[in-house]
Amino acid sequence: MSGIPEVHAIYFRAGDSIAQSSKEWNGCRQHRLARGVEPPEAKRTAGHLKAVAEIQNCRSGVIDSCHAEIPRVKIHTLDWQLWLPAPIDTVFPFFANARNLDLLTPASLHFRILNPGPITMAAGTRIAYRIKVRGIPMRWESEITVWEPQTRFVDDQIRGPYRYWSHDHRFDKRDGGTDVTDRVSYAVPGGTLANFLFVARNLRNIFEYRRQKLIEIFAKQAQRLPGLP
């Protein structure tokens, strides 16, 4: 990949998660909803209760299929990849430090982490932060749902501006450096039209800013690391 984000769309049905492997869907917020591990306010929604009943019926053998009529949400995805001239032992800890998000976020978003003190990253860690979108302050909270040190982690939105958000970060060794691969799956209020007019472009701009900052940061680090091209 060239490092330029690619955006496309798929459809997701909450009931489909049971038909997939548990590993693939472990980080999916809808799947966690159905497993009953979301906050109480999320569990009270009618859609969640329907999903829970569907999952329970599938597991107990009451019905044969997990594809009952559950409302469909259109999920858009953004794919992005960048090679960095530094080993995984250097790259992964940088991304695993939540405080570095501030370095990779455009100033126009007024990004600020709300968690006090150090943040220990692990499955189940929650991070709260505040941003401004078009001048409107918004609070965002995410949870680390997959944590595989030196390899991968996933953060899912618990509350925030998106109807759904899941960001999968992957790290692979290549040519003395590290491939950083991101897949962001998201749904927005206003659906496809809002995504086309506003959201997809804004996300591409954010990831382009992120790309430039990472190249700048790791180019400086690479000069201090012997044996790198």
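The values are calculated or read from the model by the stated rules, or taken from the named source; none is laboratory data. Computed from a prediction, not measured in an experiment: that's the story for all the values here. Because the Cβ atoms are built from the backbone with ideal geometry, glycine has one as well, and the counts that use them run over all protein chains shown.
Looking at the range 110-128, can you tell me whether even one residue there is touching a residue at least 60 places away in the same chain (Cβ under 8 Å) and surrounded by 14 or more Cβ atoms within 10 Å (Cβ to Cβ)?
Keep residues of the range 110-128 that are touching a residue at least 60 places away in the same chain (Cβ under 8 Å), which gives none.
Within the range 110-128, none of the residues are touching a residue at least 60 places away in the same chain (Cβ under 8 Å) and surrounded by 14 or more Cβ atoms within 10 Å (Cβ to Cβ).
Kindly indicate which of TYR209, TYR129 is within 20 Å of HIS110 (Cβ to Cβ), hydroxyl-bearing (Ser, Thr, Tyr) and in a helix (DSSP H, G or I).
On the way: TYR129 fails: in a helix (DSSP H, G or I).
Of the residues listed, the single one that is within 20 Å of HIS110 (Cβ to Cβ), hydroxyl-bearing (Ser, Thr, Tyr) and in a helix (DSSP H, G or I) is TYR209.
With respect to PHE95, determine if the residue is in contact (Cβ under 8 Å) with a residue 40 or more places away in the chain and assigned by TED's automatic domain parsing to the domain that holds PRO137. Steps first, answer last, please.
Details: in contact (Cβ under 8 Å) with a residue 40 or more places away in the chain: yes; assigned by TED's automatic domain parsing to the domain that holds PRO137: yes.
Taking the combined requirement at face value, the residue satisfies it.
Would you check which residues across the range 179-215 are of a type in the set (Val, Ile, Thr) and either surrounded by 15 or more Cβ atoms within 10 Å (Cβ to Cβ) or within 28 Å of GLN150 (Cβ to Cβ) (or both) and list them?
Our first condition is that a residue be of a type in the set (Val, Ile, Thr); within the range 179-215, this holds for 180-181, 184, 188, 192, 199, 206, 215.
Those that are of a type in the set (Val, Ile, Thr) and either surrounded by 15 or more Cβ atoms within 10 Å (Cβ to Cβ) or within 28 Å of GLN150 (Cβ to Cβ) (or both): VAL180, THR181, VAL184, VAL188, VAL199, ILE206, ILE215.
Any residue in the range 117-131 that is under 18 Å from the mean Cα position of the chain (by Cα) and within 25 Å of GLY177 (Cβ to Cβ)?
yes
Which numbered condition in (1) of a type in the set (Ser, Thr, Tyr); (2) in contact with a strand residue (DSSP E or B) (Cβ under 6 Å, 6 or more places away or on another chain); (3) outside any strand (DSSP E or B); (4) within 21 Å of GLN81 (Cβ to Cβ) is the only one that TYR162 fails?
For TYR162, the failing item is (4).
Going by the conditions given, is ARG159 in the same structural domain as LEU203 (by TED's automatic domain parsing), in contact (Cβ under 8 Å) with a residue 60 or more places away in the chain and either charged (D, E, K, R) or crowded, with 18+ Cβ neighbours inside 10 Å (or both)? Quick ask: steps written out before the conclusion?
Numbers: in the same structural domain as LEU203 (by TED's automatic domain parsing): yes; in contact (Cβ under 8 Å) with a residue 60 or more places away in the chain: no; either charged (D, E, K, R) or crowded, with 18+ Cβ neighbours inside 10 Å (or both): yes.
Considered against the rule, which asks whether it is in the same structural domain as LEU203 (by TED's automatic domain parsing), in contact (Cβ under 8 Å) with a residue 60 or more places away in the chain and either charged (D, E, K, R) or crowded, with 18+ Cβ neighbours inside 10 Å (or both), ARG159 comes out as no.
May I ask you to list the residues in the range 196-209 that are over 20 Å from PRO161 (Cα atoms) and in contact with a Ser or Thr (Cβ under 9 Å, 6 or more places away or on another chain)?
Narrowing the range 196-209 to residues over 20 Å from PRO161 (Cα atoms): 208-209.
Answer for the range 196-209, where residues must be over 20 Å from PRO161 (Cα atoms) and in contact with a Ser or Thr (Cβ under 9 Å, 6 or more places away or on another chain): just TYR209.
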